[in-house]
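The values are calculated or read from the model by the stated rules, or taken from the named source; none is laboratory data. Quick caveat, the model's predicted, so the values are computed rather than measured. Neighbour counts are summed over all protein chains in view; Cβ atoms, including those assigned to glycine, are modelled from backbone coordinates with ideal geometry. For the accessible areas, the whole protein counts, side chains as well, though only heavy atoms, and no ligand, DNA or RNA atoms are used. Shrake-Rupley method; radii C 1.70, N 1.55, O 1.52, S 1.80 Å.
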Amino acid sequence: QVQLVESGGGLVQAGGSLRLSCAASGSIFSINTMAWYRQARGKQRESVASITRSGSTNYAESVKGRFTISRDNAKNTVYLQMDNLKPEDTAVYYCRANVVTGMYWGRGTQVTVSS
């Protein structure tokens with residue numbers, strides 16, 4: 001079992017920045033890739049960024065150059081630095097951890113970007 005707790009969401013003006021954190025606990029030794037997803041109201045959940053245990057990253061086209069995912073394996077935490085935020089980035093952001101037997105999700109943190 002893996003537990004994930006996101007934090008760092010909030011309300012920010014367009015052009016501003018936020019840093020999301022996702023702390024993992026439990027069977028953390030089993031975690032491989034960690035990722036951030038988001039779901040805007042009325043839309044499907046979509047992938048934002050992912051990072052492997054060795055540090056390889058992948059980003060959605062819509063956030064490339066603005067968002068940075070990072071991982072501190074010693075602290076069992078993954079981060080999402082979000083810069084130059086846009087109103088269309090407004091969503092609930094979820095952390096996901098992939099393990100050999102499946103995946104775990106956090107409960108999400110709300111990010112709201114005002115124009």
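Assorted remarks:
- From largest to smallest, the equivalent ellipsoid semi-axes obtained for the range 23-90 from the alpha-carbon gyration tensor read 23, 14, 10 Å.
- Of the solvent-accessible surface of the chain, computed with a 1.4 Å probe and all protein chains present, 47% belongs to carbon and sulfur.
- Taking the convex hull of Cα positions in the chain, its mean projected area over all directions (nm²): 6.7 nm²
- Here's the picture: charge each Lys and Arg Cβ at +1 and each Asp and Glu Cβ at -1 in the chain, and of Gln1, Leu18, Gln110 the one pushed furthest to the positive end of that dipole is Gln1.
- Hits among lysines - C-alpha to C-alpha of Lys86 under 24 Å, sequence gap 8 or more where chains match: Lys43, Lys64
- Each label point was placed 7 Å from the Cα along the Cα-to-Cβ direction; for Ser7 and Arg66 their separation is 2.6 nm.
- Based on C-alpha pairs under 8 angstrom that are at least 6 apart in sequence, the chain has a relative contact order of 37 percent.
- ³J(HN,Hα) computed for each position of the range 17-27 - Karplus, 6.51 cos²θ - 1.76 cosθ + 1.60, integer Hz, glycine/proline x: 10, 9, 10, 8, 10, 9, 9, 9, 9, x, 7
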